[in-house]
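Since the structure comes first, as structure tokens, the remarks are kept for the end.
Bear in mind these aren't lab numbers, they're just calculated from the coordinates by the rules spelled out. No experiment lies behind these values; they were computed from the predicted model shown. Neighbour counts run over all protein chains shown; Cβ positions are idealised from the backbone, glycine included.
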Amino acid sequence: MAGKLSIILFSGTADKFIPLGVLTQGAAAMGMETRVFVTGFALLGFTKERHELPFPAEFAAMAPALAKGLTAKQVPPWDAMLRQAKELGARVYACSMMSGVMGLERGDFNALVDDVVGVATFLEKAEGGQTLFI
């Protein structure tokens, strides 16, 4: 399958990272050109320093059941899915503007991040494909 999928991840809550992993891995496995643009508080999930990804207050009570279900079904963690997608050619970019605002530099990000780019660069790479916001 050909095509292009670009995903913009702007939320830093745990419930957003699971679909990021699933969608990125699925698109890359289908042979789609796959890119992720990480901005806002989602950047904290991609730093070398580990940050606890909170669940939104309205879902917090369901988090233990979700964790149990994911374990029971042997669903890999979001970052493992993203690593596999990257092995298949997916690319992950951190937003340069929000990185600067948050005091983050290229060296602060973990190996999942391929580069720190501006929005114009990302939009140019995303042109002609489908773009999803998470």
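Summarising the strand pairing of the chain, around 5 percent of its internal DSSP beta bridges are antiparallel. In this label model, LEU44 and MET62 are separated by 2.2 nm, measuring between points 7 Å along each Cα→Cβ vector. Rounded if a/c is under 1.5, else prolate if a/b is larger than b/c, else oblate: which is segment 86-134, with a ≥ b ≥ c the root eigenvalues of its Cα gyration tensor? Oblate shape, in that a/c is at least 1.5 and b/c is the bigger or equal ratio. The packing ranking of peptides 12-18, 69-75, highest mean first, is 12-18, 69-75, where packing means the average number of other beta carbon atoms within 10 angstrom of each residue. The HN-Hα couplings worked out from phi for segment 6-22 by the Karplus form 6.51 cos²θ - 1.76 cosθ + 1.60 (θ = phi - 60°) are 10, 10, 9, 9, 10, 9, x, 9, 4, 5, 8, 6, 5, x, 4, x, 5 Hz, whole numbers, x standing for Gly and Pro. From most to least packed by mean Cβ count within 10 Å, the peptides 25-36, 50-61, 93-104 give 25-36, 93-104, 50-61.
The modelled label-to-label distance for the pair ASP114/ASP79, using points 7 Å beyond Cα in the direction of Cβ, is 2.0 nm.
To one decimal place, what Kirkwood hydrodynamic radius in Å is obtained for the chain from all pairs of distinct Cα atoms? By the Kirkwood definition, the hydrodynamic radius is 15.2 Å. The H on the amide N of ILE8, modeled in the peptide plane, is under 5 Å from the matching H of PHE37, LEU132, PHE133, ILE134, each at least 5 residues off or on a different chain.
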